[in-house]
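Data block below; observations after.
The values are calculated or read from the model by the stated rules, or taken from the named source; none is laboratory data. On a predicted model such as this, the values are computed, not experimentally measured, just so you know. All Cβ positions, glycine included, derive from the backbone under ideal geometry; neighbour counts span all protein chains shown. With ligands, DNA and RNA removed, areas are computed over all heavy atoms of the protein, side chains included. Shrake-Rupley method; radii C 1.70, N 1.55, O 1.52, S 1.80 Å.
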Amino acid sequence: MSRPNVKGLDPKKVSGELFTLTYGAIVAQLLKDYESDEEVNKQLDRMGYNIGVRLIEDFLARSGISRCNDFRETSDAIAKIGFKMFLGITPSVSNWSPAGDEFSLQIESNPLVDFVELPDSHSNLSYCNILCGVIRGALEMV
Amino acid sequence: MADEVLFDYLHMEMIHEFFNENYKKEGKSEESMTTLELLGFRVGQCVIERLTKDSPRFKDELDAMKFTCKDFWMSVYKKQIDNLRTNHQGVYVLQDNKFRLLTNLSSGKQYVEAAPRFLAFPCGLIRGALSNLGITSVVTAEVAIMPACKFQIQIQRV
């Protein structure tokens, strides 16, 4: 029983989409369970925190990176190694505060938001809040 | 290019979240299983759509099941199903001896009671995938010894 080989999409891309789709389904379910966008944001942050706490082990094991000497190195590690390793994107680091303890990560094409459109009724929702939680959890462990 | 671990962690977190919340609110854990299964259903539908975008129609049900065992399983869990059995009357049993979502839990009999909640999402995934291939089914899973598990698929013929 032979069928022409399914060309379709290669496995790596599909697993990325699996992640995106699952995340989308989770957010949709949370929106149904909780009334306010703020609550959902909080839950996403909490979930992200729990994930980040575990993810950091994986990250350190894979990257073999040594301790960062200052905050700038940390920001580079997050943007260039961390994000690249897990999501395949490299956000740009910008907007450093004068005291050097705050910066912004700008993501050009976020794989988490593929196929997603936010309706106006949920304009307060931070869809990617889980990423905030992940970074927070990961950094807290180091 | 999301790593596999991302999905594993997200899945674990999802189970943690939905079981805690519902338990606190109404004390029903079956509802959480249903919720997880429905989530899996949605995702399964989308995944199979993306996977079979360019491929021709399946000749029959068995062909669709084989696709599920090989390509679908390969792209989702990075391995193929170890065993597919059928009674040719609409019941299929898929056996995976090293189910990826269970390998981190234990190997052996420990934590077998906790295993069902990890299988709700995969069951939904299969059901969703099959439903978008035109097959209505009921999917259940059982675990005897971790990390091997069996998915039983019963085709509903109308």
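Quick check: is even one residue across region A:26-35 open to solvent by less than 40 Å² (accessible area, probe 1.4 Å), within 25 Å of B:VAL47 (Cα to Cα), in contact with a Cys (Cβ under 7 Å, 6 or more places away or on another chain) and facing chain B (nearest Cβ under 8 Å)? No: zero hits. Do you know which residues across region B:129-146 are open to solvent by less than 20 Å² (accessible area, probe 1.4 Å) and more than 20 Å from B:VAL47 (Cα to Cα)? B:MET146 - this is the single residue of region B:129-146 that is open to solvent by less than 20 Å² (accessible area, probe 1.4 Å) and more than 20 Å from B:VAL47 (Cα to Cα). Could you tell me how many of the residues in region A:53-64 are open to solvent by less than 50 Å² (accessible area, probe 1.4 Å) and within 9 Å of chain B (Cβ to nearest Cβ)? Of the residues in region A:53-64, 2 are open to solvent by less than 50 Å² (accessible area, probe 1.4 Å) and within 9 Å of chain B (Cβ to nearest Cβ).
Being part of a helix (DSSP H, G or I), modelled with pLDDT under 85 and within 30 Å of B:MET33 (Cβ to Cβ) is true of A:LEU112.
Do we have any residue at all in region A:1-8 that's part of a helix (DSSP H, G or I) and either polar (S, T, N, Q) or modelled with pLDDT under 85 (or both)? Checked against the condition, which is being part of a helix (DSSP H, G or I) and either polar (S, T, N, Q) or modelled with pLDDT under 85 (or both), region A:1-8 yields no hits at all.
The residues of region A:9-32 that are assigned to a helix (DSSP H, G or I), in contact with a Lys or Arg (Cβ under 9 Å, 6 or more places away or on another chain) and modelled with pLDDT under 85, listed by number, are A:PRO11, A:LYS13, A:VAL14, A:SER15, A:GLU17.
All conditions in (1) buried (at least 17 other Cβ atoms within 10 Å of the Cβ); (2) at pLDDT 85 or above hold for B:SER32, with the sole exception of (2). If you take the residues of region A:99-142 that are among the charged types (D, E, K, R) and more than 22 Å from A:ASN50 (Cβ to Cβ), which of them is farthest from the other protein chains (Cβ to nearest Cβ)? Among those that are among the charged types (D, E, K, R) and more than 22 Å from A:ASN50 (Cβ to Cβ), it is A:ASP101.
Please tell me if B:ALA114 is open to solvent by less than 60 Å² (accessible area, probe 1.4 Å) and under 28 Å from B:TYR9 (Cβ atoms). Yes. In region B:57-73, the residues that are more than 9 Å from chain A (Cβ to nearest Cβ) reach residues that are open to solvent by less than 10 Å² (accessible area, probe 1.4 Å) and assigned to a loop (DSSP other than H, G, I, E, B) with C-beta atoms within less than 9 angstrom, at least six apart or across chains, in these pairs: B:GLU61/B:GLY90.
Taken across region B:27-48, residues that are touching a strand residue (DSSP E or B) at 6+ places or on another chain (Cβ under 6 Å) and over 29 Å from A:GLU39 (Cα atoms) do not occur at all.
Is there a residue in region A:44-52 that is more than 20 Å from B:LEU10 (Cβ to Cβ), more than 9 Å from chain B (Cβ to nearest Cβ), out of contact with any Pro (no Cβ under 6 Å at 6 or more places or on another chain) and open to solvent by 20 Å² or more (accessible area, probe 1.4 Å)? Within region A:44-52, none of the residues are more than 20 Å from B:LEU10 (Cβ to Cβ), more than 9 Å from chain B (Cβ to nearest Cβ), out of contact with any Pro (no Cβ under 6 Å at 6 or more places or on another chain) and open to solvent by 20 Å² or more (accessible area, probe 1.4 Å). For region B:78-93, a tally of residues being free of Cβ contacts under 8 Å to residues at least 24 places away in the same chain and of a type in the set (A, V, I, L, M, F, W, C) returns 2.
The rows are residues; the columns are (1) open to solvent by 50 Å² or more (accessible area, probe 1.4 Å); (2) more than 18 Å from A:LEU44 (Cβ to Cβ); (3) more than 11 Å from the chain's Cα centre (by Cα).
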{"position": "A:SER75", "(1), (2), (3)": "no, yes, yes"}
{"position": "A:TRP96", "(1), (2), (3)": "yes, yes, yes"}
{"position": "A:VAL113", "(1), (2), (3)": "yes, no, no"}
{"position": "A:VAL116", "(1), (2), (3)": "yes, no, yes"}
{"position": "A:GLY133", "(1), (2), (3)": "no, no, no"}
{"position": "A:ALA138", "(1), (2), (3)": "no, no, yes"}
